[in-house]
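Okay, structure first, notes after.
The values are calculated or read from the model by the stated rules, or taken from the named source; none is laboratory data. Just so we're clear, the structure is a prediction, and the values are computed from it rather than from any experiment. With ideal geometry, Cβ positions are generated from the backbone for all residues, glycine too; neighbour counts draw on all protein chains shown. Quick note on the areas: whole protein, heavy atoms, side chains included, nothing else; ligands and nucleic acids left out. Shrake-Rupley method; radii C 1.70, N 1.55, O 1.52, S 1.80 Å.
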Amino acid sequence: MNPATKEELVSTIPESRNPYTEDPDRHAIWDALVKRDYEAFLSYDWSICADDFVESEFVAYDAGFKADTALWKLKYPRLSDYRDEWLRQAREFLSVEFNGISKIDFLYKAIDLSYIELQGDRGLARKKFNASVETTKGDTVTLDWQSIFFLKKDEGRWKVTGFIGYLPRKMM
């Protein structure tokens, strides 16, 4: 596993990647769900994004890539459960080398965070992943799902209270 240093990542994550230059609320949400999430993930450093969650309210569900809600599972009843799985996935992702593209560029290529709905101090954001890349070992890494994040403006900052993850990217 070769985590990137914060300095290496900061130099490859230009502010211009955030499409919400004219909307401070959506800009802040994009920074939390994309910029800091990726920086933390590729640095294998949960502390970078830990404050982007409301720990006391957090709960998350795993849709298992199924549109049928009867198959969804309560997977992360506590933020610590999600953090542990997030770190496991980061470790696994960092152990793979890609052909022709950096990990950060691959993640940015995969992301679509064009839907953010806000009403008062609550929000909903749809984060879609859609990209594939060949590894140096000849395997393919494919990201093809979406997660719906529940948000709350907490003490002046937008934070995640939970999500439904691993939904099919294209729902029925």
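Values computed for the structure shown
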read-out	value
Karplus-derived 3J(HN,Hα), 6.51/-1.76/1.60, for each residue of the stretch 63-71, Hz, glycine and proline x	7, x, 6, 10, 7, 6, 4, 5, 9
Considering only the chain, percent of DSSP beta bridges that pair antiparallel, nearest 5	85
For the chain: relative contact order, % (alpha-carbon pairs under 8 angstrom, 6 or more apart)	23
Carbon + sulfur, % of accessible area of the chain - ligands and nucleic acids excluded, 1.4 Å	49
Rg followed by Dmax, in Å, when the stretch 41-129 is reduced to its Cα trace	15.2, 44
Distant-in-sequence amide H partners of Val59 (H built 1.01 Å from N, under 5 Å)	Gly162, Phe163
Helical contribution to [θ] at 222 nm, DSSP H n ≥ 4, -39,500 (n - 2.57), averaged over the chain, rounded to 500	-7500 deg cm²/dmol
Span from the the stretch 98-134 Cα centroid across to the the stretch 75-89 one, whole angstrom	19
For the chain, the fraction of alpha-carbon pairs in successive 5 Å shells from zero, as %	2, 8, 16, 21, 22, 18, 9, 3, 1, 0
Computed over the stretch 18-91, Kirkwood Rh from alpha-carbon pairs, angstrom	13.8
Loop chymotrypsin sites (Phe, Trp or Tyr not before Pro), the stretch 30-136, which have at most 14 other Cβ atoms in a 10 Å radius of their Cβ (DSSP)	Phe65
Virtual spin-label span in nm between Gln119 and Thr135, 7 Å along Cα→Cβ	4.3
Longest DSSP-loop-exposure-free segment, GluC sites (Glu not before Pro), the chain, at most 12 other Cβ within 10 Å	23-96
Accessible area expressed per residue, the chain, with surrounding protein chains retained (probe 1.4 Å, Å²)	54
